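Please treat every number below as a calculation from the coordinates, not as lab data. For clarity, every value in this text was computed on a predicted model and none was experimentally measured. With ideal geometry, Cβ positions are generated from the backbone for all residues, glycine too; neighbour counts draw on all protein chains shown.
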Amino acid sequence: MKQKLNEILTNGLAEIEKSADLKELDEIRVKYLGKTGELTQILRGMKDVAPEDRREVGSLANSVRESLENGLSEKLANLENAKLMADMEKEKVDITEPSKGVKKGALHPLTRFNNKFMEICVEMGFSVIQGPEVETDYYNFEALNVPKNHPARDMQDTFFISDNILMRSQTSNMQVRAMEKMKPPFKIVCPGRVYRNDSDSSHSPIFNQFEALVIDENIGLKDLMLMIKEILRRLFGENVKMRVRPSYFPFTEPSIEIDATCQMCQGKGCSLCKGTGFSEVFGAGVVNPKVLEMSGIDSKKYSGFAFGPGIDRSVMVTNKIPNIKYLFRNDIRFLKQMR
Amino acid sequence: MKVSYNWLKDFVDLSDLKPQEIADRLTTSGFEVEDVIYLNKHLHDVYVGRIEKIEKHPEADRLVVCQVNVGNRNVQIVTSATNVFEGALVPVSLDGADLANGIQIKPSKFRGVLSDGMFCSGEELGIDDNYIEGASVNGILIFPKDFVAGTKVEDALLLNDVVFDINVTPNRPDCNSVVGIAHEICALYNKKFKEPELSYKTCGGNVKDYVDIKIMTENCSRYCGAYVKNIKLERSPLWLRSRLFGVGIKPINNMVDITNYVLIEQGQPMHAFDYKYLDGHKICVRQAKKGEKIAVLNGQTYNLDEDVMVIADQNKPVVIAGVIGGVNSCIGADTTESVFECAVFDLKSIRLTAKKFGVRTDSSARYEKGVNINTPSVALKRALNLVDKLGCGQIVDGIIDQVNSKQKIGASEKISLSYSKVLKILGVSIAKEKVLQILNGLGIESQINGDVLTCVPPYIREDIKNENDVAEEIIRIYGYDVYNNVEGTMFENSSITIGQYEPRLVVENGLKNILVDMGFYETLNYSLYSPTAVDKLLLPENDERRKVIKIANPISEDLSSVRTLMAHALLLDISYNLSVGNKDLRLFEVGRVYQPKELPLKELPVENNRLSIAVCESGYDFFQLKNVIENLLVSTSLDYTLERSKEPYLHSGVSADIIAKDGKVVGWFGKLHKQVLKNYDINQDVYYAELDTDYIAGLPEKKYETKEVSKYQAVERDIAVVVDEKITNGELIAAIKSASGKHFYEVNLFDVYRSDALGKDKKSMAYKIVFASEEGTLTGDEINSAVNKVLKSLEFRFGAKLRQI
């Protein structure tokens, strides 16, 4: 009897070991542990074993059953695992094949630049506002200290609609609109389109400016310079250098132009910056007290600064756009490069 | 404004300053030098030579060999020129010369005979007959006999000069002159200004006996005149011609050259009349009368009216004041007596007149920028000084000086300012002594007592009125470099403000990002378009959007109207992309349309912000576009329904208007009308959509409020019903929803099927209805009963028949 049990154990384990699939393994289970299985029959025949041996044989039979059951479940796990591995192997793909589904599009480079610029300014406490592009002569010129027939009008070629209505030639119209509407202290930026009767290889009749205005007590050139420095750093990186030149705008006094390291050549000198390593980025200045007074702000108490860069050129250099015409041509081959 | 280095030297000592250095310093102080032109750039290695001997070339009939003395040595020149002769003084370019027409000189052999260089024509030196006689002949320039062999040609011709082209800003009209720039240089380098020579001899008499001058218009504030007789009209001396040549003015004759010289040097436009043509010997400054005409020096004849100011004699206009002289009284070969004019005209009046006739002269350009009321008397004296110096006539005693202004001549206004405010504007500390040095150096007599800064600007400086003006003067001379390394905190002494975005920008950005995620590319388009756009987009005659604002001075027909429609631009983009072979286009634009209330425009138009979308992609259909719209709008709180679109440029059967709860059409989408595609040369289907982002931005922010979800599994039932073609999905869905009872959860169309077997104009619509309960799992009976109710309702309302799936 004992010998028989040992044989069952040896044969059973060997067969389990040899079995190659789940079906075979199940047949082995039935053969030994099934209702009519070899071990089952032995256990059923225990009544024929001498009572003094029963305990020993019983214990052996149980241990054989346990060993077989363990063997079976271990093998089962192995076989199941092997099957999963085999199934997965069949699903193997060529990972270099193209992806499926909708491919992301892209924002226009100007929007990306504007978004970044706005973000910087909002963090500095500026509110973003926008206003009309078809504008009255008053907001575009007169209230900015450029009366009719003033020589400063020659600085811009304006598109006129009637004697009094025009396409705004600068976002500075928003300075006046803000000053009329808002109570100091305030800080605003106004990104927007402007129009000039001027078109050649480096000018577009429609381009974009980014006006900023601060009106508060104690505002001066130092605040302006510190802010512009920070903006340049955020827009163009830590290594950007700035250069300040005096200039003239009727609505600021003092007026300045700010040049920054040319982003096309990183200051080495190129055709865009005419070899100077710098390109003009901002027109700026301290708000002319006459302009404050015209808009009903007490120039004794308040002062301010304004700046208004044209941003198309900055968008060009930061994205290495070869030609200004690309900005409005909307060639999908160009736009795709902005993904 | 062009001024030359040598000319400036008349007024300021420049011996220690190189031209480039001056140019850089002027630029950093507010006078941007756009160009530094070396007049002798092409004259190095060119000398005055005297031809000693001319012999025939042994090998060539057309060439001669010349022995030429160029000072301390002789050179041999082979030439084909025929106007040379022994003893002639000529320009000789030698080894290394680089002439104005691009020729570079090297010694070389001509048919075996060495030539050390080349004789030059006027053209090769960059000059013509106006500069020196003989310079325009077809041959070699023969110099006057008093030229000395061996002299450098640049010295002999007085072309060793450097011209600065300066961008003078409109606030500094005083610097449209050599003396103005000289004053600036004096301030920059702390130098003393040398006053111009103003003295002259007179021949007695009294100017008032010769001419009578009257100002009869508000537009003339001062008019000075002088009388010169026994005029010898001739070429000006070379020194004067070289000055005018350098700044780009053509020398004509001594009298005219003097007026131009004074214009450049003093910034005062002048005119010289031929006295004998002034009827009644009267000069009257007045507005023209309607019907008057004048033939002027540019060859045109203009009809005048009351808006034009003229200088007239007793009978007729003789000059369009400040703009251009008439041919009836100008200096000519027979002029023997002349009246000089130095006047101040209103800049607006001159500007309007110059614009009206489209004539822009050196004179009008100066007047438009503003001529100071103090300038005419100085300028006139300077002109008379030159008349005397050049010996071109006799000056009658006296100057007529008519003033028609409240402004005092020669008076400076004293202003009192807050010194601390000036410092606040600057924000950097500059020593008080330095401030005073700068201001006084600029001729602004200044004192500081406590906080009071007292300034007396020179009378020529009308731009200095307040603290800001003075701050600018200080810092532009002190140098803006001080800010390059400025440290500290911005807005240190000011308030804290909270930054925020205009709400529409936030909405637009959200929509843009959704589109980008769905594969769209953002475009940027001109908001000006061709007036034909409204036709190409099939707008009916009564469509409001046909009211288009027109630009009065457009750059081109294509950019002559302010757009009232977004679709045009994206269609042009698609057309362009297809034309260069680009495919699969998903584009959008965020922009504006500008709708006037009435034309001609009386008030500003409504500027409405829009999002426009266009797709041109094979296999794309209406429902894909609808999905885009739904994905965009689900991010907003817009409650909307769809109706068949009324947009004329959309395909009427494959398009929808988006209607807000208040009935407003806030957008539309669909396939483009086939005629529109033709109009834009697009040969495949395009899907287009537009949303009113102003309307959407005006909606309350979308609130997300959630409900409990059932813990029991939902049960799905599929039904398919056959209905008439005209019954819409929308109607069926609504009916299903209302008939499904309290456990209805959702319903979705999952198939539409048409076949002959179903019958003509019939379709099968298959729906998945989902039932769910929060109280427990639904039983089969409950669901069957609900489905039966649905089917009965559909049959009753639409004649729908159940189709076995």
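Points to keep in mind about this one:
- Cβ neighbours within 10 Å from other chains - mean over A:183-190: 3
- Aspartates and glutamates whose Cα lies under 16 Å from that of B:Lys214, excluding same-chain neighbours fewer than 8 positions away: B:Asp279, B:Asp313, B:Glu341, B:Asp401
- Counted charge near B:Asn493, where neighbours are those whose Cβ lies closer than 12 Å (Asp, Glu -1; Lys, Arg +1): -2
- Shown for B:Ser429, B:Ser773, B:Ser15: other C-beta atoms within 10 Å of each C-beta, ranked fewest to most, produce the order B:Ser15, B:Ser429, B:Ser773.
- The range B:715-803 - Debye-derived log10 I(q)/I(0), Cα point model, q = 0.15, 0.20 Å⁻¹: -0.52, -0.87
- Largest to smallest principal axis extent of the C-alpha atoms in the range A:109-338, angstrom: 49, 41, 29
- Per-residue ellipticity at 222 nm computed for the protein assembly as shown from its helices equals -9000 deg cm²/dmol, with DSSP H segments shorter than 4 residues left out and the rest contributing -39,500 (n - 2.57).
- Helix axis angle, B:347-357 relative to chain B longest principal axis, alpha carbon, degrees: 80
- Volume per residue of the convex hull around the Cα atoms, evaluated for the range B:46-156, comes out as 92 Å³.
- Exposure proxy order (Cβ contacts within 10 Å, fewest to most) of B:Arg461, A:Arg153: A:Arg153, B:Arg461
- Percent of alpha-carbon pairs separated by more than 47 Å within chain B: 54
- The range B:162-184 residues near the modelled B:Asp24 label - backbone nitrogen below 20 Å, point 7 Å along Cα→Cβ: B:162-167, B:184
- Residue mean of other protein chain beta carbons inside 10 Å, B:345-356: 2
- Over 25 Å (Cα to Cα) - which of B:Lys737/B:Lys792; B:Lys550/B:Lys626; B:Lys41/B:Lys389; B:Lys9/B:Lys389; B:Lys229/B:Lys316 fall in this group: B:Lys550/B:Lys626; B:Lys41/B:Lys389
- Selection among B:Gly780, B:Ile324, B:Leu159 by position relative to the dipole of chain B gives B:Ile324 as farthest towards the positive end (Cβ unit charges, Cα centre).
- Of A:Lys274/A:Lys320; A:Lys229/A:Lys320; B:Lys421/B:Lys465; B:Lys356/B:Lys406; B:Lys742/B:Lys801, those spanning more than 18 Å from alpha-carbon to alpha-carbon: A:Lys229/A:Lys320; B:Lys356/B:Lys406; B:Lys742/B:Lys801
- In terms of surrounding Cβ atoms within a 10 Å radius of their Cβ, A:Val286, B:Val534 rank from fewest to most as B:Val534, A:Val286.
- For the range B:346-439: rounded, prolate or oblate by the Cα gyration tensor [a/c cutoff 1.5]: prolate
- Comparing A:Val128, A:Gly308, A:Ser99 along the charge dipole axis of chain A, the residue lying farthest to the positive side is A:Gly308, per the Cβ-charge model.
- The convex hull around the C-alpha trace of the range B:632-671, projected and averaged over every direction, spans 2.8 square nanometres.
- Convex hull (Cα only) mean projected area of the range B:415-483, reported in nm² to one decimal: 4.0
- Placing unit charges on the Cβ atoms only, positive for Lys and Arg and negative for Asp and Glu, gives chain B a dipole magnitude near 1240 debye about its Cα centre.
- Taken over the range B:503-697, the alpha-carbon convex hull comes to 126 cubic angstrom per residue.
- Restriction of the GluC sites (Glu not before Pro) in the range B:727-805 to DSSP coil positions whose beta-carbon has at most 12 other beta-carbons within 10 angstrom yields B:Glu774, B:Glu775.
- With a cut-off of 12 Å between beta carbons, the residues surrounding B:Thr454 carry a summed charge of -2, where Lys and Arg count +1 and Asp and Glu -1.
- Unit charges on C-beta of K, R, D, E only; dipole of the protein assembly as shown, Debye: 940
- Shielding by partners for peptide A:286-292, expressed as the average number of C-beta atoms from other protein chains within 10 Å of each residue's C-beta, is 3.
- If R0 is 41 Å, the Cβ-Cβ spacing of B:Lys674 and B:Ser556 corresponds to a FRET efficiency of close to 0.90.
- Cα coordinate range in the protein assembly as shown, projected on the principal axes (Å, largest first): 164, 77, 75
- For the range B:46-156, a crude dipole built from +1 on the beta carbon of Lys and Arg and -1 on the beta carbon of Asp and Glu, taken about the Cα centre, is about 460 debye to the nearest 20.
- Sparse-neighbour loop sites [chymotrypsin sites (Phe, Trp or Tyr not before Pro); the range B:286-363; at most 13 other C-beta within 10 Å; DSSP]: none
- Helices of chain A meeting both criteria, an alpha-carbon length of 30 angstrom or more along the long axis and an average Kyte-Doolittle score not below 0.0, with helices taken as full DSSP H segments, do not occur.
- For chain B, the longest principal axis of the C-alpha atoms and the axis of helix B:503-517 are separated by about 70°.
- The range A:71-134: GluC sites (Glu not before Pro) in DSSP coil with no more than 14 other Cβ atoms inside 10 Å: A:Glu91
- Counted charge near B:Phe11, where neighbours are those whose Cβ lies closer than 14 Å (Asp, Glu -1; Lys, Arg +1): -1
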